[in-house]
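Colleague: Submitted below is the structure of interest, expressed as C-alpha cells.
The values are calculated or read from the model by the stated rules, or taken from the named source; none is laboratory data. Nothing here was measured: the structure is a model prediction, and the numbers come from that model. FYI the Cβ positions are ideal-geometry reconstructions off the backbone, even for glycines, and counts take in every protein chain you see. Please note that ligands, DNA and RNA were not included when accessible areas were found on the heavy atoms of the full protein model with its side chains. Shrake-Rupley method; radii C 1.70, N 1.55, O 1.52, S 1.80 Å.
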Amino acid sequence: MTALTAAAMMVAGLVAGCGGGGSPAADSKEIKVGGNFELTGGVATFGQSTANGIKLAFKEANAAGGVIGKQIVFITADNKSEPSESTNATTKLITQDKVVAVLGAVASTNTLAAVQVATDNKIPLLTATSTNPKVTFDNGKVREYVFRSCFIDPFQGTVMANFATKSLKAKTAAIYTDNSSDYSKGLTEVFEKTFTQLGGKVVAKEAFLQKDQDFKATLTKLKAAGAEVIYIPAYYEEVGRIIKQPRELGITVPLLGTDGWDSPKLAEIAGAAALNNGYFSNHYSPEDKDPKVVKFVEAYKKEYNQTPDALAALGYDSALLLMDAIKRAGSAEPAKNKDALAATKNLQLVSGVITLDERHDPVKSAVIIELKDGKQVFKEKVNP
C-alpha cells in the first residue's frame, strides 16, 4: 500500500511538472515563453526585428537574475508570414513546448489566426505590433487572454489623417488599399472617415493584392483623380514595389503610410529617390533623446550591430510588459499573468508610457517619420 501510494505520488509529480496547457512546474527554475513570428515569408524582417528586441530584453533580465528568481527561456516558432502557419505555430508552442505565454505575431492577420488557440488553452497572448482592433476586442467583447503593446489602427489612421490635413494642408486624398490584408482595410476605413470629418475629400480609392507586381493601371487612375496626397496603408514588400511606379508615372504628391513601411528593405526595393516626399506613422524614433530610448538603442546596436527599428523597440517593450506582469503577479501562472497584464498602468517603456485600457489596448504616443534619400528622419510626435 505504501509503495502504491509512493508510485501514485511520483506520477502526480510528473504530471504537475509537465504543466497542463502551459502551467509551469512550481519548482521549475525556468519560465518558458513562446514567440510566434514571421521569421520567413513576406514580412520576415518584421518578425526578425521583433524577435530580436524580445531576445535582448530577456537576455538583459536573465543576466540580472531573471524574473521572480527564474530564467526566461524564449522558444520561437516560424509562422512563415501565413495565417494557417500562425495557428499551427501557436498550437505547437502551447501544447508541445508548454509555454506560459505567447508573444506575437507581427501581422494582424496572423495574430487573429492565433487568438482562438490561445483563448481555448487559457494562455496569455501578447502582440507587440498587431494594430487591428479585432485582435483584442470583437463582437462587443474583450478577448480575455489577448493583449497588445502597440497603438491600434484607429489611432494610427487618425494620426495620418490629421497630419495630411493640418501639417500638409491637403484637402483631397486618394487611398490605395491592400485588399488581402485586414491591417490595410482597417486603416483605410479609419483614415477615410477621419479625413472626411476634418473637411477633406477622398477623391479616389483603388485596391491591390499582396502578390501583385504591376500597379500602373490603378495608379494611373489615382493620378487622374488629382489627389493632393495618396495614402498607402500596407507592408514594405508591396509598398516598395508600388512606390517606384507612381514616381515613374509622374506622381509627385506626398505618399503617406503606416508602421508597415518601417523596414530597411523598403529603400532597397523602392530606391531611395522614390521615397522622397514620403511620410509614415510609427511607434518610436531611434533619434528620440529620451534616456530610455538612448539606452535601448545603444544596447541593441551592441548586440546586433544595427540601429533598432520600431518593430525591435516594440518587441523589446512587449517582453518588458510581460515580465512586469509576472513580477507583479509573483507567479508565472497564465491566469495570474492575464490578470496582471490587464492591470498594467503607467509603465515606462521605450516607445512611451503605457497603460492598458479596458479593451487591453495601450494608451500611448505616436511619431511621424519623413523619408529623405532613403533615410528616416523624425518629423513630429503625436500624443493621444
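Colleague: Can you tell me how many residues in segment 329-380 are out of contact with any Asp or Glu (no Cβ under 8 Å at 6 or more places or on another chain), closer than 20 Å to GLY157 by Cα and in contact (Cβ under 8 Å) with a residue 12 or more places away in the chain?
Modeller: Residues in segment 329-380 being out of contact with any Asp or Glu (no Cβ under 8 Å at 6 or more places or on another chain), closer than 20 Å to GLY157 by Cα and in contact (Cβ under 8 Å) with a residue 12 or more places away in the chain: 12 in total.
Colleague: Tell me which residues, restricted to segment 227-265, are open to solvent by 20 Å² or more (accessible area, probe 1.4 Å), modelled with pLDDT of 95 or more and under 28 Å from the mean Cα position of the chain (by Cα).
Modeller: Scanning segment 227-265 gives a single hit, PRO254.
Colleague: May I pose another question? Suppose we keep only residues that are of a type outside the set (D, E, K, R), in a helix (DSSP H, G or I) and under 23 Å from PHE215 (Cα atoms) within segment 161-184. Which one would you say is modelled with the highest pLDDT?
Modeller: Top of the filtered list is SER184.
Colleague: Among the residues of segment 91-121, which ones are crowded, with 24+ Cβ neighbours inside 10 Å and in a helix (DSSP H, G or I)?
Modeller: Within segment 91-121, LEU93, ILE94, SER108, ASN110, THR111, ALA114, ALA118 meet the criteria.
Colleague: Return the residues of segment 332-384 that are open to solvent by 80 Å² or more (accessible area, probe 1.4 Å) and either touching a Phe, Trp or Tyr at 6+ places or on another chain (Cβ under 9 Å) or acidic (Asp, Glu) (or both); say none if nothing qualifies.
Modeller: Selection gives ASP339, GLU358, ARG359, ASP373, LYS379, PRO384.
Colleague: Within segment 118-125, is even one residue of a type in the set (D, E, K, R) and either touching a Ser or Thr at 6+ places or on another chain (Cβ under 7 Å) or modelled with pLDDT under 95 (or both)?
Modeller: no
Colleague: So, one more: From ALA224, ALA299, ALA274, which residue is surrounded by 14 or more Cβ atoms within 10 Å (Cβ to Cβ) and either free of Cβ contacts under 8 Å to residues at least 40 places away in the same chain or under 18 Å from the mean Cα position of the chain (by Cα) (or both)?
Modeller: Just a single option satisfies the conditions, and that option is ALA274.
Colleague: Can I ask one more? Name, by its number, the condition in (1) under 20 Å from TYR183 (Cβ atoms); (2) open to solvent by less than 10 Å² (accessible area, probe 1.4 Å); (3) assigned to a helix (DSSP H, G or I); (4) out of contact with any helix residue (DSSP H, G or I) (no Cβ under 7 Å at 6 or more places or on another chain) that does not hold for PHE151.
Modeller: It fails just one condition, (3).
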